[in-house]
Each structure stands twice: as C-alpha cells, then as structure tokens.
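The values are calculated or read from the model by the stated rules, or taken from the named source; none is laboratory data. Being a predicted model, the structure only gives us computed values, none of them experimental. For neighbour counting, all protein chains shown are included, and Cβ atoms are generated from backbone atoms with ideal geometry for every residue, glycine included.
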Ligand code: ADP
Ligand code: GLC
C-alpha cells in the first residue's frame, strides 16, 4: 500500500514539538509493516541545508497570493529516513532563516496563508500523481492545519486517494481572513459554514475536518474532549457531528531514540532491571552542569524536571505558582528547559537567579539536554491544561522519571495515579491531579515527595513505567485498518 504523508515538520530535520517526533516515528512504524511511504515537507532553508543527494522530480505552477507561484519537487534519500522524502522547494515562501511558522521576533510569518495553501495545493497534485512521477498513493495522510487544505483540494477529484487528517492540536487552527481566501483564489464553494468559513474568516484545520474521509486525533480521551465546548475551540459542534469519522489513536514513541539503555546523549545508561547506579550518575552530571560543586544533599534531594514549550497549554503558570511554595517547604530542586512566551521565560530566569543552588533554567531548544533532563530528574512536571497526547510523559516514564500530570487528553491515557488500588494491582506509574489549579498540582507533588522517601515503592513505580510499551505496535495497526477501509 502506498501512503503519502504531508506535514510541516519531521524530526530530526525540522522539529518544533511533538508533531516532528510523530512524523518521524509513525511513518517508520508503518514502513516496518510493509507500507510504501513518501513524506512531503516544505523546503525550509534549514531543511534544504541538511540534504545532499537531491533529485528533481518535477516542476509545477500553482496559484499563490499575487498570481502564479512556481515550485520544484525534490526527492532525497536522507540517512535517517528509511523512505524517500519529497520536498516542495519554493524559495519565495520557504527559503528564509528561522522557524517554520514564526519570525525571529516570534510573530507568525505574515504570508502563512499563502505558504501553506501553496504547500497543500502542490501536495494535492502529488497525491493525484498529476506530475506523472509514477507513484500514486492509495491514501494521503495530512497533519495539522498546515496540511489542512490537502483533503479539501482533493475532495472533488474523481479518482482521488483516500484522505486521512490528523489533529495534533486543536488550539492551532490556521485561521486566516476572508481577504486571504479571495487573494488565494480558493474555491468559492468552500466558503460556507459547512465548508471552511469560521467566524468571518476561514480555518485550514476546519477544512481538514470537513473534507477528509477520516479524521484522527492523537489520544482517545482527547477525541472525546474536543467534542465538548471546553476543549473544542468552537469546532466541538462540527466534531460531534463528525464523530462517526473521528478516531482517537494514541501516539507511540520512537523507542530507539528514547532508550535509557543506549541513548548517546546520556553520560550513563540504565534499564528497568538495573536502574541504579546509572540513573544517579545522570542526575549528578545534570546537576554538575549547573552547580560548581554537587554535594550529597543535592544528590539526595528530589529533582523536578520540565522540558517543553512555555505556553499556557502546558500549565506553566501552575508550575511558576507552585515553585515558591515547594522551595520554601521542601528540599526539592528544579531543572527546566524550554522556550516560548517571554513572560514565562523571564519568570523562570528570575527564579533561577534568586535560587541559584536549587533552580536551574535553560531557555532555548536543546535536544541532548532534553534527554539528560528526562534521565537525570526524579519527577517530570507536565501539568498541561489540555494535552492532545503528549510525548514527554512517555519519555519520562521510559527513563524512570515519574510524571506529575493533570488528568486530560493523552496524559489521562498514559499515566496511572498512585493509589492504594493501583499500587496493589501494579498499574501505578505516576501522579495525576483532577482539579485544574496550582493547589491540586502542589498536592500531587507533595504526594510524590512523600513516596520519594520510600525507595522500595519508588523503584517499583519506576519499573512499572520503564517496562511499559509505548511503541507504535497497536497504534500503527489502528492506522493501517483506517487506511484499508
Ligand atoms: P508538544 O508537541 O505539545 O510540544 P509533546 O510532549 O508532544 O508536546 O512533544 C514535545 C517534544 O518537543 C518532545 O520531544 C520534547 O522533548 C521536545 N521539546 C520541547 N521543548 C524543547 C526544548 N526546549 N528543547 C528540546 N526539546 C524540546
Ligand atoms: C501536539 C500536541 C501534543 C502531541 C503532539 C504529537 O504538539 O500538543 O500533545 O503529543 O502534537 O501528536
């Protein structure tokens, strides 16, 4: 079976979050099950720089904002990918420094509507093999708003592949104005509340939901949540009416990249059968990165880690509210890596300055350090207000670092709260709180810190998480059956 993946990022070439990880690990899991894959990505400057063997597959002209835009389709065999990558090379739209979606100052690129409508137009042509490359997919699997228009462009085509659209995060809707819609000469019949129209403008994410044959999202709980006003971002009515084609399929993780026994970013390795001394050495190395001298007190104290985008979704304000309480009342240390909203970055930096012995902060994006924090911490803080799936809690479980999470989305589907019952049946693997505020979060951390002083129980919890399988086995099967029907 031939499947064309369409997405705006893929690890390790271009990644801003979990989307990039999934666009690496899912197509590989499917390839291992015999699927013939092509992954099409925009030709960002940072991506083109990493390619060396490039073949031009063809050229095409499509409608842009000011007239016709020309694109080249490149094919490359990258050593990290077991299948060919297709890159849409359109320098006016993608050859620029910086992030795929925002400029250096953090503003959305002003031409995002044009960038991703052109991307989707070209991807739809590839899906029909309109360039006569000689590879016609049975299924097109498009991801998030950046690829939302692909299914819409294909919907009216007589001999089109099946379309599957995955929502990785409903909070990012790809909203643009009516003026953009007109300028881009998008088909007039899309302009209706049953089509792409949304609050006076249009939404590329909505297009994917309306026009795709199947819609998926990345955990069963999130699939239910987005059908409610609380999580639906105004699309809950539409999603409820399409519940028949909406599937919640839990993400897997790449168990090779995230393996504490082999991870090349770690100073020491460990496994569920022998957690110590490896994990402790990771903790020591992590502390040494931030402290001139690491004494026994620092090593013994619980280290609470956080890696992620510093945005409201992630409950960063709850973390910031919890930290002064925990600093005053416990011996906990904090290590935090992230970037995002400037006010959050400043508050973390200030806390680190006030408590240089106990709060360690790195603002930025650092793949090796992300692995080292997962391995060297005792607890992983992930109190997201909503979380479509979340990968970091699964990485932390695999690294023997117990997650503290709010009961939502994929966090609810992967973390089992410590209770008498879950301890007795051996399912407990972390700490879950149910009330969306920082007090409940602090209470969950306190419960965790109590257990931290009971090494035998703690180790059992670590082993439960480390032995769980978060690979793609069952979820890849789920996607395969969706492709087949
Ligand atoms: P989301 O996709 O909402 O950001 P996920 O938990 O699904 O959340 O995935 C986040 C991914 O991005 C993980 O691989 C995480 O390690 C990585 N990540 C996030 N922020 C950083 C950072 N500052 N440095 C390195 N990796 C990061
Ligand atoms: C999004 C979500 C995250 C999910 C990731 C991969 O970025 O915020 O929860 O894990 O996509 O699907």
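Here are the criteria: (1) in a loop (DSSP other than H, G, I, E, B); (2) away from ligand 1 (no atom under 16 Å from the Cβ); (3) touching a strand residue (DSSP E or B) at 6+ places or on another chain (Cβ under 8 Å). Tell me which single one residue 173 does not satisfy.
(2)
Just checking, does the stretch 290-313 include any residue being within 16 Å of ligand 2 (Cβ to nearest atom), part of a helix (DSSP H, G or I) and either in contact with a helix residue (DSSP H, G or I) (Cβ under 6 Å, 6 or more places away or on another chain) or not assigned by TED's automatic domain parsing to the domain that holds residue 102 (or both)?
yes
For the stretch 257-289, give me the residue count where each residue is away from ligand 2 (no atom under 16 Å from the Cβ), surrounded by fewer than 20 Cβ atoms within 10 Å (Cβ to Cβ) and not in a helix (DSSP H, G or I).
Residues in the stretch 257-289 being away from ligand 2 (no atom under 16 Å from the Cβ), surrounded by fewer than 20 Cβ atoms within 10 Å (Cβ to Cβ) and not in a helix (DSSP H, G or I): 15 in total.
Which residue is surrounded by the fewest Cβ atoms within 10 Å (Cβ to Cβ), if the candidates are limited to the stretch 458-485 and must be part of a loop (DSSP other than H, G, I, E, B) and modelled with pLDDT of 95 or more?
For the stretch 458-485, the residue satisfying everything is 468.
Do you know which residues across the stretch 159-181 are within 16 Å of ligand 2 (Cβ to nearest atom) and surrounded by 19 or more Cβ atoms within 10 Å (Cβ to Cβ)?
164, 165, 166, 167, 168, 169, 170, 173, 174
Only one of these conditions is not met by residue 147: (1) within 16 Å of ligand 2 (Cβ to nearest atom); (2) within 11 Å of residue 62 (Cβ to Cβ). Which number is it?
Result: residue 147 passes all but (2).
Taking into account only those residues within the stretch 357-378 that are closer than 18 Å to residue 276 by Cα and within 10 Å of ligand 1 (Cβ to nearest atom), which is surrounded by the fewest Cβ atoms within 10 Å (Cβ to Cβ)?
Filtering the stretch 357-378 for residues that are closer than 18 Å to residue 276 by Cα and within 10 Å of ligand 1 (Cβ to nearest atom), the one surrounded by the fewest Cβ atoms within 10 Å (Cβ to Cβ) comes out as 371.
Could you check, for the stretch 406-419, whether at least one of its residues is part of a helix (DSSP H, G or I), without any contact (Cβ under 8 Å) to a residue 24 or more places away in the chain and away from ligand 1 (no atom under 16 Å from the Cβ)?
Checked against the condition, which is being part of a helix (DSSP H, G or I), without any contact (Cβ under 8 Å) to a residue 24 or more places away in the chain and away from ligand 1 (no atom under 16 Å from the Cβ), the stretch 406-419 yields no hits at all.
Only one of 228, 221 is modelled with pLDDT of 95 or more, within 15 Å of ligand 2 (Cβ to nearest atom) and in the same structural domain as residue 30 (by TED's automatic domain parsing); which?
The match here is 221.
So which of 122, 69, 118 ends up being in contact (Cβ under 8 Å) with a residue 60 or more places away in the chain and surrounded by 18 or more Cβ atoms within 10 Å (Cβ to Cβ)?
Criteria check complete, one pass: 122.
Among the residues of the stretch 457-479, write down those that are under 15 Å from residue 259 (Cα atoms) and within 19 Å of the chain's Cα centre (by Cα).
Answer for the stretch 457-479, where residues must be under 15 Å from residue 259 (Cα atoms) and within 19 Å of the chain's Cα centre (by Cα): 469, 470, 471, 472.
For every residue, the table says whether it meets (1) in the same structural domain as residue 79 (by TED's automatic domain parsing); (2) in a loop (DSSP other than H, G, I, E, B); (3) farther than 14 Å from residue 80 by Cα.
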residue	(1), (2), (3)
8	yes, yes, yes
20	yes, no, no
23	yes, no, no
28	yes, no, no
34	yes, yes, yes
40	yes, no, yes
47	yes, no, no
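Looking at 381, 351 in this structure, which one is closer than 22 Å to residue 442 by Cβ and either surrounded by fewer than 20 Cβ atoms within 10 Å (Cβ to Cβ) or away from ligand 1 (no atom under 14 Å from the Cβ) (or both)?
351
Condition first: buried (at least 19 other Cβ atoms within 10 Å of the Cβ) and more than 16 Å from ligand 1 (Cβ to nearest atom). Can you find one or more residues in the stretch 6-25 that meet it?
Checking the stretch 6-25: at least one residue is buried (at least 19 other Cβ atoms within 10 Å of the Cβ) and more than 16 Å from ligand 1 (Cβ to nearest atom).
Please work out which residue is surrounded by the fewest Cβ atoms within 10 Å (Cβ to Cβ), limiting yourself to the stretch 384-399 and to residues that are part of a loop (DSSP other than H, G, I, E, B) and in contact with a strand residue (DSSP E or B) (Cβ under 9 Å, 6 or more places away or on another chain).
385
From the list 422, 343, pick out the single residue that is in a helix (DSSP H, G or I), within 25 Å of residue 219 (Cβ to Cβ) and either at pLDDT below 95 or in the same structural domain as residue 309 (by TED's automatic domain parsing) (or both).
That would be 422, the only listed residue that is in a helix (DSSP H, G or I), within 25 Å of residue 219 (Cβ to Cβ) and either at pLDDT below 95 or in the same structural domain as residue 309 (by TED's automatic domain parsing) (or both).
Being more than 16 Å from ligand 2 (Cβ to nearest atom), buried (at least 16 other Cβ atoms within 10 Å of the Cβ), outside any strand (DSSP E or B) and without any contact (Cβ under 8 Å) to a residue 40 or more places away in the chain is the requirement here; does residue 319 meet it?
In short, no.
Among the residues of the stretch 210-228, count how many are in contact with a helix residue (DSSP H, G or I) (Cβ under 6 Å, 6 or more places away or on another chain), within 18 Å of residue 121 (Cα to Cα) and in a helix (DSSP H, G or I).
Summing the residues that are in contact with a helix residue (DSSP H, G or I) (Cβ under 6 Å, 6 or more places away or on another chain), within 18 Å of residue 121 (Cα to Cα) and in a helix (DSSP H, G or I) in the stretch 210-228 gives 1.
For the stretch 56-156, please list each of the helices (runs of 4 or more DSSP H) lying entirely inside it that holds at least 2 residues being out of contact with any strand residue (DSSP E or B) (no Cβ under 7 Å at 6 or more places or on another chain) and within 30 Å of residue 249 (Cα to Cα).
Counting at least 2 such residues, we get 112-127, 149-155.
Scan the stretch 84-92 and tell me whether some residue there is surrounded by 18 or more Cβ atoms within 10 Å (Cβ to Cβ) and farther than 20 Å from residue 23 by Cα.
Checking the stretch 84-92: at least one residue is surrounded by 18 or more Cβ atoms within 10 Å (Cβ to Cβ) and farther than 20 Å from residue 23 by Cα.
Any idea which of 214, 219 is within 21 Å of residue 17 (Cα to Cα) and crowded, with 16+ Cβ neighbours inside 10 Å?
That would be 219, the only listed residue that is within 21 Å of residue 17 (Cα to Cα) and crowded, with 16+ Cβ neighbours inside 10 Å.
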